[in-house]
Amino acid sequence: RLKKVIEKARSGETVNIATLGGSITEGANATPWTLGYAYRFAEKFAAEYGVNGGENINYANAGIGGTPSALGVMRFDRDVLAALGTEPDLFVIEFEVNDYAEATNGRAYESLVYQVLSQANDAAVIMVFAVRDDMWNVQNEHLPIAKHYDIPVVCIKDAISPAINKKYMAKTKFYADSYHPNNYGHTVMSDCI
């Protein structure tokens with residue numbers, strides 16, 4: 001599915017990208033917030049795969065701080081579909097630090113994934129597993145969903161924890177606070193995607 005989205009972008013067709021998640025997706029602690037990982041990813045995708053500077057790439061960021069996937073389900077129509085004016089071709093989902101003890105036990109998260117995968121346009125989904133500075137997230141709960149639907153995963157914990165654990169990188173190089181990356185951290189997240 002992802003290859004089809006890239007081919008669509010390269011051919012000059014309109015590609016609609018949406019990100020949905022909590023404060024990390026919103027761009028918290030990036031200065032300015034438009035340097036958050038989600039915005040950087042959309043810009044890099046447009047530059048790499050779009051035509052004429054990415055003029056055929058539309059983007060909507062539906063990240064809102066403090067929200068779990070259960071609220072993401074309720075916000076999808078308004079904050080993704082209405083913002084784009086159509087269904088996303090590429091959907092990036094990130095709720096890894098907000099879905100702690102989430103009331104639906106992963107059903108809300110999975111329903112978001114299933115909703116996008118069920119669209120008529122064969123949309124692609126990428127799961128981003130952000131992580132707190134203590135290397136905690138709920139990726140073990142969401143990874144079975146990725147495996148079931150054969151969805152690519154970008155695991156930030158797996159990407160940065162070896163460097164932090166071996167003291168090659170101080171936590172303060174990546175994090176602005178206990179939950180949120182700083183500009184460097186957002187850049188690393190975007191680069192990983």
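Taking every Cα-Cα distance in segment 1-109 and sorting them into 5 Å bins starting at zero, the pair-distance distribution P(r) comes out as 2, 13, 21, 21, 19, 13, 7, 2, 1 percent. Take every DSSP beta bridge with both residues inside the chain and express the antiparallel ones as a percent of the total, to the nearest 5. Once the DSSP bridges in the chain are tallied, antiparallel ones form about 5 percent.
With the convex hull built on the Cα atoms of the chain, state its orientation-averaged projected area in nm². Each step should come with its number before you reach the end.
Working: hull surface 40.6 nm².
Taking a quarter of the hull surface, the average projection is 10.2 nm².
Derived from the Cα gyration tensor, the three semi-axes of the equivalent ellipsoid of segment 1-57 are 24, 12, 7 Å, largest first. Taking the Cβ-Cβ separation of ARG78 and SER111 as r and a Förster radius of 22 Å, what is the calculated FRET efficiency to the nearest 0.05? Calculated value: 0.85.
Grab the other residues whose beta carbon is less than 14 angstrom from that of TYR39, score K and R as +1, D and E as -1, and report the net. Value of the local net charge: -2. Multiplying the residue separation of THR104 and GLU7 by 0.36 nm and removing their Cα-Cα distance gives an extension gain of 31.3 nm. Angle between the Cα long axis of helix 183-192 and the longest principal axis of the chain, 0 to 90 degrees, nearest 10? Roughly 60 degrees between the two axes. Net length available on complete extension from TRP33 to ASN183 is 53.1 nm, with 0.36 nm assigned per residue and the Cα-Cα distance removed. Against the compact-protein benchmark of 2.2 N^0.38 Å, the Cα-based radius of gyration of segment 45-112 scales to 1.28.
So how do 96-108, 177-189 stack up, highest first, on mean other-Cβ count within 10 Å?
Values: 96-108: 17.0, 177-189: 19.6.
Peptide ranking by packing, descending: 177-189, 96-108.
Since only ALA130, ILE160, PRO181 are under comparison, the one whose Cα sits farthest along the positive direction of the charge dipole of the chain, derived from C-beta charges on Lys, Arg, Asp and Glu, is ILE160. Above 18 Å, the calculated P(r) of segment 57-169 contains 51 percent of its Cα-Cα pairs.
When only alpha carbons are used to place a centre, segment 140-171 and segment 34-78 end up 20 Å from one another. Modelled label positions at VAL153 and ASN121, each set 7 Å beyond Cα in the direction of Cβ, lie 2.7 nm from each other.
For the chain, carbon and sulfur atoms together expose 50% of the accessible surface, with a 1.4 angstrom probe and every protein chain in place. Accessible surface computed residue by residue for segment 1-145, with neighbouring protein chains in place and a 1.4 Å probe, gives 44 Å² per residue. Placing a pseudo-label 7 Å from each Cα along the Cα-to-Cβ vector at VAL51 and ASN165 gives an inter-label distance of 4.7 nm.
The values are calculated or read from the model by the stated rules, or taken from the named source; none is laboratory data. Because the structure is a prediction, the values reported are computed rather than measured. Ideal geometry is used to build each Cβ from the backbone, glycine not excepted, and the neighbour counts take in all protein chains shown. Note: accessible area is taken over every heavy atom of the protein model, side chains too, but ligands, DNA and RNA are not part of it. Shrake-Rupley method; radii C 1.70, N 1.55, O 1.52, S 1.80 Å.
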